[in-house]
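For reference, the structure is listed below as structure tokens.
The values are calculated or read from the model by the stated rules, or taken from the named source; none is laboratory data. Values in this document were obtained by computation on a predicted structure and should not be read as measured data. Positions of Cβ are generated from backbone atoms using ideal geometry, with glycine treated the same way; all protein chains shown enter the neighbour counts.
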Amino acid sequence: MKFSCERAVLAEAVATAGHAVLPRSSNPVLEGLLLSLRGDQLSLTGYDGETGIRCLLSVAGLSDGDILLPCSTLGDILRKLPEGTVRIEVAEERVRISSGEAEFVILGLSAEGFPQVDFSRSGLQVELQQKLLRSLILQTVFAVSQSDSKPVHTGCLFHLESGQIEVVGVDGYRLALRREKLEGSEAEARFVVPGRTLQDISRILGESELPVSVFVGERSVLFETENISVVTRTIEGEFLNYRSSIPADGPISCRVEVKGFLDCLERASLLISERQRSPVRIVFRDREAAFSCSTPLGRVTDKLPISCEGGTVEIGFNNRFLQEAFKNCGQSEVKLELANNLSPMVIRPVEGEAFTYLVLPVRLKSE
């Protein structure tokens, strides 16, 4: 195996496919990146046992071959080599990597032990713009569960129905729902994609209108752009009936400016730490939201002008859950719906139905 290509291009491909490589494993094969050269096309594949990522590159190929290289070491070498053309030559399992006057010789492994990763295009196909899929992911994946107590909630549900796609993340304390119309599509499907895989996909996708094809199989899903493929097992299990979990409009309705609300939340959170946990209290009334937080370190208060109708309520929240909802809403202004201090806050856009966020309150103690 022998080829050459631009260092920066190869380094980026290694980093991308490397998202699916385990940093440490009892099986050294899963710490490696598979390089396969056929003619002038190089494929780089990483696999962690559940998710596989493959990148395709055009290179100057001199002789075909396959080799498994330690991903971390290869990435470090490519980052430190000088700019320009990098040359890679494999003789048995010794790999020579050079650029300019710098040269490394490292040991690889036989590609025969690398698992077969199925990137075949099968099942239901849906096509989305890259920037839309990225938005669907980023506005929901923050809410997936970090606990394995219910594995199906460690991923996002993708629900395609009646010309619409809904993506949902939930962890028992909050819910994030993002919806979008799919013009010309009547596809119907429900599948849950692991949150970690979605984080990787969001890093790979750009803000372009180029397409990404989604192939939904029986127990797996494939996301494919022009030169990158990501395949993962879907998560089995009964996902929350999210539609029935969203309450009807509460009697109290407020319009708030997102940046100002976030600024107040972040100031109110400065006295909170892992050792000094305490909810942020917010009193919503006619023309203002009054923030306060007390911990053994001290007390903070703040106020934000808002528009509020329907009454007054004092309600407490986990500061991080509320911050993540506001940071990921993608709006300059949102509408809040509240019923009482024990019911969830519902966050929606001022216009339209692009998203719905729920954040459960924290029971407050008397100060």
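Listed conditions (1) touching a residue at least 60 places away in the same chain (Cβ under 8 Å); (2) not in a strand (DSSP E or B); (3) not aliphatic (A, V, I, L, M) are all met by Arg179, apart from (2).
May I ask you to verify whether Thr295 is out of contact with any His (no Cβ under 8 Å at 6 or more places or on another chain), exposed (fewer than 14 other Cβ atoms within 10 Å of the Cβ) and not assigned by TED's automatic domain parsing to the domain that holds Thr140? Give the steps one after another, and end with the answer.
On the way: out of contact with any His (no Cβ under 8 Å at 6 or more places or on another chain): yes; exposed (fewer than 14 other Cβ atoms within 10 Å of the Cβ): no; not assigned by TED's automatic domain parsing to the domain that holds Thr140: yes.
Answer is no for this residue.
Quick one: is Arg285 free of Cβ contacts under 8 Å to residues at least 60 places away in the same chain, under 18 Å from Arg255 (Cα atoms) and either surrounded by fewer than 18 Cβ atoms within 10 Å (Cβ to Cβ) or touching a strand residue (DSSP E or B) at 6+ places or on another chain (Cβ under 8 Å) (or both)? Yes, satisfied. The condition of being surrounded by 15 or more Cβ atoms within 10 Å (Cβ to Cβ), out of contact with any His (no Cβ under 9 Å at 6 or more places or on another chain) and outside any strand (DSSP E or B) does not hold for Leu304.
Answer yes or no as to whether Gly217 is under 25 Å from the mean Cα position of the chain (by Cα), under 22 Å from Leu56 (Cβ atoms) and assigned by TED's automatic domain parsing to the domain that holds Thr154. Answer is yes for this residue. Of all residues in the range 142-176, exactly one satisfies the criterion of being surrounded by fewer than 19 Cβ atoms within 10 Å (Cβ to Cβ) and of a type in the set (A, V, I, L, M), namely Val152.
Among all residues of the range 27-35, there is at least one that is under 22 Å from Phe104 (Cβ atoms), surrounded by fewer than 18 Cβ atoms within 10 Å (Cβ to Cβ) and aliphatic (A, V, I, L, M). In the range 205-247, of all residues being among the aliphatic types (A, V, I, L, M) and in a loop (DSSP other than H, G, I, E, B), the one that is nearest to Ala17 (Cα to Cα) corresponds to Leu205.
Among the residues of the range 186-204, those identified as in a helix (DSSP H, G or I) and either closer than 21 Å to Leu240 by Cβ or among the hydrophobic types (A, V, I, L, M, F, W, C) (or both) are Gly195, Arg196, Thr197, Leu198, Gln199, Ile201, Ile204. Every condition in (1) out of contact with any Gly (no Cβ under 8 Å at 6 or more places or on another chain); (2) more than 14 Å from Ile88 (Cβ to Cβ) is met by Val9 except one, and the failing one is (2). A single entry from Arg7, Arg38 fulfils the requirement of being within 18 Å of Val117 (Cα to Cα) and either more than 24 Å from the chain's Cα centre (by Cα) or touching a residue at least 60 places away in the same chain (Cβ under 8 Å) (or both): Arg38. Checking every residue in the range 155-173 against the condition of being farther than 23 Å from Asn241 by Cα and either within 19 Å of the chain's Cα centre (by Cα) or in the same structural domain as Phe239 (by TED's automatic domain parsing) (or both) gives zero matches. Across the range 84-124, the number of residues qualifying as touching a residue at least 60 places away in the same chain (Cβ under 8 Å) and within 17 Å of Ala60 (Cα to Cα) comes to 8. Just one of the listed residues (Leu133, Leu74, Leu128, Leu78) is crowded, with 19+ Cβ neighbours inside 10 Å and either in a strand (DSSP E or B) or not aliphatic (A, V, I, L, M) (or both), namely Leu128. Of the candidates Lys327, Lys335, the single residue that is over 18 Å from Phe284 (Cα atoms), of a type outside the set (Gly, Ala, Ser) and in contact (Cβ under 8 Å) with a residue 12 or more places away in the chain is Lys327.
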